[in-house]
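**Q** Shown below is the structure under consideration.
The values are calculated or read from the model by the stated rules, or taken from the named source; none is laboratory data. Just so it is clear, the structure is predicted and the values come from calculations on it, not from any experiment. Backbone-built Cβ (ideal geometry, glycine too); neighbour counts: all protein chains shown. With ligands, DNA and RNA removed, areas are computed over all heavy atoms of the protein, side chains included. Shrake-Rupley method; radii C 1.70, N 1.55, O 1.52, S 1.80 Å.
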Amino acid sequence: MRKLSVALCGALLAGLAACKDPLVVENQNNADVDHALGTPTDLENFIGATYNTVHAGTLGGGNDALNPQMFTMSLENVSGLANFAMGPRGQIPRNPIDNTPNAQGDAGNLRDWTVEHRAARMATMGLAKLKVLTLGSPARDTRARLFAYFSLGAALGNLAMAYDSAAILTPADNFSAIIPMSAYPAVRDAALRYLDSAIALASAAAPPGLSSDWFPLPSTWINGVTVDTGTFLRFARSYKARILAGVARTPAERAAVVWDTVIAYANAGITADFNIAMLPSAGWSVAWPSQQFATGPANWHQLSQFILGMADTSGAYDAWLNTTRLSRVPFTVVTPDNRFPSGGAACPGATCRSAQSAVAVPGTFTSKPYVRNRPSGDQPGDAFGISQYDFYRSRAFVTASSIGPYPVMTAAEIRLLSAEGSLRKADFATAMTKINVSRTAAGLPALAGITDTFAVVPGGTGCVPRVPDIAKNFRGTKCGNIWDALKWEYRMETMYTGYGMWYFASRGWGDLAEGTAIHWPVPWEELLVRRDGIYGLGGVGQIGGAGKGNYGLFNGGVYGW
């Protein structure tokens with residue numbers, strides 16, 4: 001007897017619908033769709049909870065998930081702990097994702113898959129029910145419908161970015177049937193179509209009904225955010241830009257993205273950080289920050305010396321690169337970039353770290369510096385990764401019991417996606433303008449007069465970023481070009497904000513370490529129920545593994561000697 005798939009059974013259970021075995025007599029006390037969504041209030045509340053579920057499957061709900069894995073895989077985070085598979089996923093050389101029962105990371109591999117499919121199924125169930133039950137007015141029905149389409153598009157978009165394939169769910173599905181798997185490009189296209197449906201409905205004139213039946217959305221649907229029509233449209237368009245760019249697995253795929261479309265949606269997207277008012281008691285949370293600060297400095301978290309070194313103008317980064325891997329030690333980054341603590345006249349010098357550690361870091365997303373040089377408590381680890389620095393913008397949020405605004409999508413992310421599109425179209429003037437927004441705010445000299453990808457960023461010997469130089473076998477640095485400036489701004493402005501920020505971008509840029517898995521396989525639990533073969537992905541020279549990175553992240557480059 002063939003059972004219902006794990007992901008879709010979980011989705012149905014979340015939607016208060018029974019996962020039925022045909023040999024079991026129906027229990028009339030067991031909730032089903034018709035009973036559970038039998039009143040307008042129940043149906044509206046159900047649809048209103050769909051985006052909360054989308055969020056829970058990415059940033060909220062728990063850390064045994066993909067995001068902590070993506071942190072270490074992309075060098076956004078450094079931790080050798082086995083917890084949440086951070087250490088195993090960040091190990092160099094890279095290991096494949098072992099997709100067998102009870103393998104490292106098993107629970108996290110399944111979690112995002114299950115919760116995002118659950119959100120998608122909830123949305124399709126709500127859409128199907130709206131065909132036979134009205135909420136009281138055409139305006140109220142349309143508002144619920146467009147929100148369900150939005151959540152459905154966001155959920156499928158997240159699945160398309162993370163997994164090699166997923167189930168494309170629709171309102172016309174038999175909710176007790178197993179939905180075939182589709183490869184990630186098809187899942188992406190379905191996600192974009194659903195977002196288009198949401199945008200089209202929101203863009204039209206309000207249907208008949210009370211003003212309260214239309215925008216702004218009820219405040220609980222996206223907690224604490226006043227989502228009027230303009231805000232909703234900007235957010236939905238930003239999702240389209242994120243998904244279009246983020247789904248690319250390789251530099252070739254990222255280059256093939258229709259960048260005119262990305263630019264159009266990004267330019268019509270958010271212009272301020274999209275903050276959700278997190279309130280764990282109401283089911284709105286961001287799981288990672290409290291874990292980051294849970295057990296002392298740098299145990300669960302520290303920032304990558306390899307990445308942060310690109311800001312250094314003292315020569316220490318060159319010396320670090322030119323040292324054998326096991327002999328490397330963390331160094332103090334001296335930089336004009338004000339997202340780092342300065343240390344003033346003490347830097348460079350023997351007392352530079354002490355001076356930087358004394359810098360007060362407010363620990364908010366609206367202030368600088370973004371990182372701190374920790375005063376004490378360094379932890380051992382792989383000499384390639386460990387540093388003196390911690391991400392600190394979320395400190396005030398954690399101190400407030402993880403209650404308050406948290407940016408799930410930043411204006412910088414969307415602005416820099418537009419800049420990337422302009423750069424790929426050789427529109428250097430527009431790209432520079434967009435890159436300079438955060439670059440000059442960080443105290444770095446503005447990009448100017450660049451007309452190709454060979455010219456280096458301004459600053460001379462004090463340029464930022466400095467990147468490993470292939471001409472020196474990646475054991476010394478050179479001033480970066482406009483592409484490196486774009487990547488630097490993206491990394492500094494998006495770290496620890498949205499879902500897979502560094503991982504999805506680095507994958508498409510070709511900046512992941514060689515062998516890093518470029519996506520996750522369908523979890524073995526799902527494959528087992530479907531009677532499909534279980535497979536893994538990633539590893540050096542293996543199927544689903546990244547090629548040699550642009551910055552020498554391979555054996556014989558930065559870390560193999």
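**Q** For region 399-451, what does the alpha-carbon gyration tensor say about shape, rounded, prolate or oblate, given a ≥ b ≥ c as the root eigenvalues, a/c under 1.5 as rounded, and a/b over b/c as prolate? Intermediate values should be presented prior to the final figure.
**A** Working: a/c = 5.91, a/b = 2.05, b/c = 2.88.
Taking the square roots of the gyration eigenvalues as a ≥ b ≥ c, region 399-451 is oblate.
**Q** Counting Lys +1, Arg +1, Asp -1, Glu -1, what net charge surrounds Leu135 among other residues with beta carbon under 9 Å of its beta carbon?
**A** Details: positive: Arg140, Arg143; negative: Glu44, Asp141, Asp213.
Neighbourhood net charge equals -1.
**Q** Also, quick follow-up: Please arrange Tyr535, Tyr551 by accessible surface area, largest first, computed with a 1.4 Å probe and ligands excluded.
**A** Working: Tyr535 70, Tyr551 15 Å².
Largest to smallest exposure gives the sequence Tyr535, Tyr551.
**Q** Could you pull the accessible area for Ser327 with a 1.4 Å probe, rounded to 10 Å²?
**A** About 70 Å², rounded to the nearest 10.
**Q** Suppose R0 equals 30 Å. What FRET efficiency, 1/(1 + (r/R0)^6) with r the Cβ-Cβ distance, do Asp452 and Thr271 give to the nearest 0.05?
**A** Values: r = 30 Å, r/R0 = 0.98.
Taking R0 as 30 Å, the efficiency between Asp452 and Thr271 is 0.50.
**Q** Which percent of the accessible area of the chain is formed by carbon and sulfur heavy atoms (probe 1.4 angstrom)? Could the numbers behind the result be given before it?
**A** On the way: 11090 of 19810 Å².
Within the chain, the accessible surface is 56 percent carbon and sulfur.
**Q** Excluding Gln302 itself, what net charge comes from residues whose Cβ is under 12 Å from its Cβ, given Lys and Arg +1 and Asp and Glu -1?
**A** Values: positive: Arg372, Arg374; negative: Glu76, Asp378, Asp382, Asp390.
For residues surrounding Gln302, the net value is -2.
**Q** So which of Lys240/Lys425; Lys368/Lys472; Lys434/Lys472; Lys425/Lys548; Lys434/Lys478 end up more than 27 Å apart, counting from Cα to Cα?
**A** Numbers: Lys240/Lys425 19 Å; Lys368/Lys472 34 Å; Lys434/Lys472 31 Å; Lys425/Lys548 25 Å; Lys434/Lys478 23 Å.
Too far apart for the 27 Å limit: Lys368/Lys472; Lys434/Lys472.
**Q** So which trypsin sites (Lys or Arg not before Pro) in region 491-561 end up in coil per DSSP with only 12 or fewer other C-beta atoms within 10 Å? Can you show the working numbers first?
**A** Values: sites: Arg491, Arg507, Arg530, Arg531, Lys548; in loops: Arg531, Lys548.
Listed in order of number, the matching sites are Arg531.
**Q** While we're looking at this one, here's another question. Give me the percent of Cα-Cα pairs in region 344-425 that sit more than 21 Å apart, rounded to a whole number. Each step should come with its number before you reach the end.
**A** Values: 1695 of 3321 pairs.
Result: 51 percent of Cα pairs exceed 21 Å.
**Q** Angle between the Cα long axis of helix 106-130 and the longest principal axis of the chain, 0 to 90 degrees, nearest 10?
**A** Approximately 40 degrees, to the nearest ten.
**Q** Continuing with this model, one more query. Rounded to the nearest whole Å², what accessible area per residue is found for the chain with the 1.4 Å probe?
**A** Working: 19810 Å² over 561 residues.
With all protein chains present, the chain gives 35 Å² per residue.
**Q** How far, in degrees from 0 to 90, does helix 428-441 lean away from the longest principal axis of the Cα atoms of the chain, to the nearest 10?
**A** That helix lies at roughly 80 degrees to the long axis.
**Q** For His519, tell me the accessible area in Å² from a 1.4 Å probe, rounded to the nearest 10.
**A** 20
**Q** Still on this structure, please answer the following. Could you work out how far apart the two model spin labels at Ala345 and Ile403 are, taking each label as a point 7 Å from the Cα in the direction of the beta carbon, and quote it in nm?
**A** Going from the Ala345 label point to the Ile403 one covers 4.5 nm.
**Q** How much length is gained on full extension from Asp378 to Ala177, taking 0.36 nm per residue of separation minus their Cα-Cα distance?
**A** Values: separation 201, 0.36 × 201 = 72.36 nm, distance 5.25 nm.
The Asp378-Ala177 span can extend by a further 67.1 nm.
**Q** How far is it, in nm, from the label point at Arg325 to the one at Thr250 when both lie 7 Å from their Cα along the line to the Cβ?
**A** 2.5
**Q** Further question on the same structure: Just want to confirm a number: the relative contact order over region 333-435, from Cα pairs under 8 angstrom separated by 6+ residues, in percent. Before the final figure, lay out each step's value.
**A** Details: 121 pairs, mean separation 18.1, N = 103.
Over region 333-435, the number comes to 18 percent.
**Q** Please give the FRET efficiency for Ala396 paired with Arg531, using the beta carbon to beta carbon distance and R0 = 56 Å, rounded to the nearest 0.05. Please list the in-between numbers first.
**A** Numbers: r = 50 Å, r/R0 = 0.90.
It comes to 0.65.
**Q** Next up: I'd like the orientation of helix 184-203 relative to the chain: the angle between its Cα long axis and the longest Cα principal axis, in ° from 0 to 90, rounded to 10.
**A** The angle comes out near 70 degrees.
**Q** Find the all-direction average of the projected area of the Cα convex hull for the chain, expressing the result in square nanometres with one decimal place.
**A** Details: hull surface 100.4 nm².
One quarter of the hull surface, i.e. the mean projection, equals 25.1 nm².
**Q** With contacts defined as alpha carbon pairs under 8 Å and 6 or more residues apart, what's the relative contact order of the chain in percent?
**A** On the way: 1157 pairs, mean separation 100.9, N = 561.
Relative contact order here is 18 percent.
**Q** Sticking with this structure for a sec: Rounded to the nearest 500, what is the chain's calculated 222 nm mean residue ellipticity when only DSSP H runs of at least 4 contribute -39500 (n - 2.57) each, over all residues?
**A** -12000 deg cm²/dmol
**Q** Shifting gears a bit: Where the only charges are on Cβ atoms (+1 Lys, Arg; -1 Asp, Glu), what is the dipole of the chain about its Cα centre, to the nearest 20 debye?
**A** 780
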